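Here's the structure, in structure tokens; my notes come after.
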Amino acid sequence: MTHDELLAEINLASRGEYASLAVALIAVVELHKPMLWKNLGNDTDGYKCQVCEGNSYPCPTIQAIEKDIG
């Protein structure tokens, strides 16, 4: 699931009694945006989480959210 698809999925679920939780979840997803990583070594370029710099994208936070959203 792409970053934009995940946000769209959360936005769909944000209607109703859990709207405030969805707003908080959107804030977390926005913090963990993918950024293009230009690798200067022999490896290929790719995406990394802008918060979890040591992790590729999706980072463990985004993976946990995607797993629970289904």
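The values are calculated or read from the model by the stated rules, or taken from the named source; none is laboratory data. Note that this is a predicted model, so its numbers are computed, not measured. Please note: Cβ atoms are built from the backbone with ideal geometry, for glycine as well, and neighbour counts cover all protein chains shown.
Name the residue that is surrounded by the most Cβ atoms within 10 Å (Cβ to Cβ), counting only residues in the stretch 50-66 that are in a loop (DSSP other than H, G, I, E, B) and among the hydrophobic types (A, V, I, L, M, F, W, C).
Taking the stretch 50-66 and keeping what is in a loop (DSSP other than H, G, I, E, B), we get 50-55, 57-59.
Now drop any that are not among the hydrophobic types (A, V, I, L, M, F, W, C), which leaves 51-52, 59.
Numbers: 51: 14, 52: 16, 59: 19.
That would be 59.
In the stretch 1-37, which residue that is at pLDDT 90 or above and acidic (Asp, Glu) is surrounded by the fewest Cβ atoms within 10 Å (Cβ to Cβ)?
4
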